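Some notes on the structure that comes next.
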Amino acid sequence: MIGKAKSNQSLNATISYNLKEGSSLIYQNKLHGLDISDHRLQIEDLQKCYQGRSRQLTIHAILSPGIEDGKKLSQENWNEIASKYLIKMNLIGHQAIGFLHKDREHRHLHLIINKVNDSTLKLYHDSYIGKKTQKVADQIAEEMNLVRARKIMFQRSLQAINEKDIGSPLQYAISVDKGIKLKMKLILEEEIQVKHKDAESFFNALEKKNLVIHRYKNNQTKELRGYGIELGGCVMDASAIGRKYTLRALGLQTSLINNNDTKTNCKSTTSQLVRLTNNKGKKILEELVSNYGINKESLKDDRILMLQRNNYYYLAIQNDRKGYTLYNTYTKTYEGEKDITTIFSDKEYQTIVVQDLFSYLRWKQENRKKRFNFLIINSPSNKEKLSEKIASLPLSKITIALINQPGSELVNKIILDYIKQLFIGDSHIPKRKKGFSTIDFTKRLSIPKSHIEVEEEQEPQLKQSKRIR
């Protein structure tokens, strides 16, 4: 799917363009009325309330699936694409209308969006909106099993490089190094769609496609640490082809955390994460959790890991993408891809949404006689991934338990605003509006000031936000 967007100055010109023959109005958000004239009047009235200097108050976005995908999509599917786009672009609180264009073989969706928010009368920040739209379109295509623009780009690039296509990427006449890299990338892109249980099964699948695999191992432990691909006499590391193809990104790096039989001390020479075995490190991490009012018995949870890298000790929890969130006395960091951590035991249990590992341990400690499901956010940048998990849950089964401490107000506001936007702002789930009050915001976890996190992916417009009380 291809996505394009830009800001326009003339609302009437944008609407007039979309009223051409072969188009139909199929979607509206935050608007009332029966036809386009009602919608136009409401958008114009709200734009007149804007007191700023900007004159480009309308966004015109185009979402174009592949030709074959467009023919198969129903009106409900097009509406779903429009809603997903507004949610992912943080525009669900803005007025929008959508037109489906069928005048060509290539069906595509046009969205006209009011940049003025109807509740705050502030303007949506549209910096790099074209790039953001293409990124979101690619995410939507992946979620809805549509052809991604990146795959089409690879295929066209290969076709341009090789004049004679005889049916298989491996049978192309190899011309230049750039062409070889693109071929490797296309083969890997197709293969990572299949879930492999370990690195060897992944390598075997690539070798069946006539690739030569170079396995890179640690000189001391002899454990696998990476791989390279050889095609036509050209060898390239997986990381050079793309970071998403490394064993760590694919969740296939068996040496990331390993049970080391040799004695591990504070002067570890490896840069990899290994399980912590010395008592000194364990005592340091037990003292860390005690500062949060958590007893060391809570660390017997199988999901909580004690790890070591070089001279540093970490408490860690694995996320849904096989990456890790790492904590110690001085810092919080990540290993692998960021994601939330889902701990789901039974659909009848209450689902507790907590901010991090310490909130999870505190909640379990304070409610040890009860059983719960947990969604651990790990990072405020995971708010969109959180929405995918909670969207299908009944509101009566959700409790938000965010940390209430100096420095955490902004992180809390980012997450809470996003959840409110998800359940109240989406016109396609009206039944959930009444149930929003059942979300329990009164349960707060209070922890010391020693572990305050405000991450880099905070939205600029929230920097002046007031404290959440």
Bins of 10 Å, starting at 0 and running to the largest distance - Cα pair percent for the stretch 28-71: 20, 36, 28, 14, 2
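About its Cα centre, what dipole magnitude does the stretch 10-105 give when the only charges are +1 on Lys and Arg Cβ and -1 on Asp and Glu Cβ, stated in debye to the nearest 20?
Working: 12 positive and 11 negative charges, 78 e Å.
Here the size comes out at about 380 debye.
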Pull out a ≥ b ≥ c, the square roots of the eigenvalues of the alpha-carbon gyration tensor of the stretch 324-387, then state rounded if a/c is under 1.5, prolate if not and a/b is larger than b/c, and oblate in the remaining case. oblate
Report the accessible area of residue 84, computed with a 1.4 Å probe over the heavy atoms of all protein chains in place, in Å² rounded to the nearest 10. 50
Would you mind checking which residues have amide H under 5 Å from residue 212's amide H? H placed 1.01 Å from N; only 5 or more apart, or other chain. 230
Ordering 352, 36 by accessible area with a probe of 1.4 Å, largest first, what comes out? 36, 352
Taking only protein heavy atoms and a 1.4 Å probe, the highest-to-lowest accessible-area order of 116, 235 is 235, 116
Give the ranking of 212, 136 by solvent-accessible surface, highest area first, calculated with a 1.4 Å probe. 212, 136
Where Rh denotes the Kirkwood radius from the mean inverse Cα pair distance, what is Rg over Rh for the stretch 1-158? 0.97
Can you give me the % of accessible surface on the stretch 1-107 that is carbon or sulfur? Probe 1.4 Å, all protein chains present, nothing else counted. 46
Which of the peptides 15-28, 377-390 is most tightly packed, and how do the rest follow, judged by the mean count of other Cβ atoms within 10 Å per residue? 377-390, 15-28
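The values are calculated or read from the model by the stated rules, or taken from the named source; none is laboratory data. Because the structure is a prediction, the values reported are computed rather than measured. Using ideal geometry, Cβ is built from the backbone for each residue, glycine included, and neighbour counts are taken over all protein chains shown. Just the protein is used for accessible areas: all its heavy atoms, side chains included, with ligands, DNA and RNA removed. Shrake-Rupley method; radii C 1.70, N 1.55, O 1.52, S 1.80 Å.
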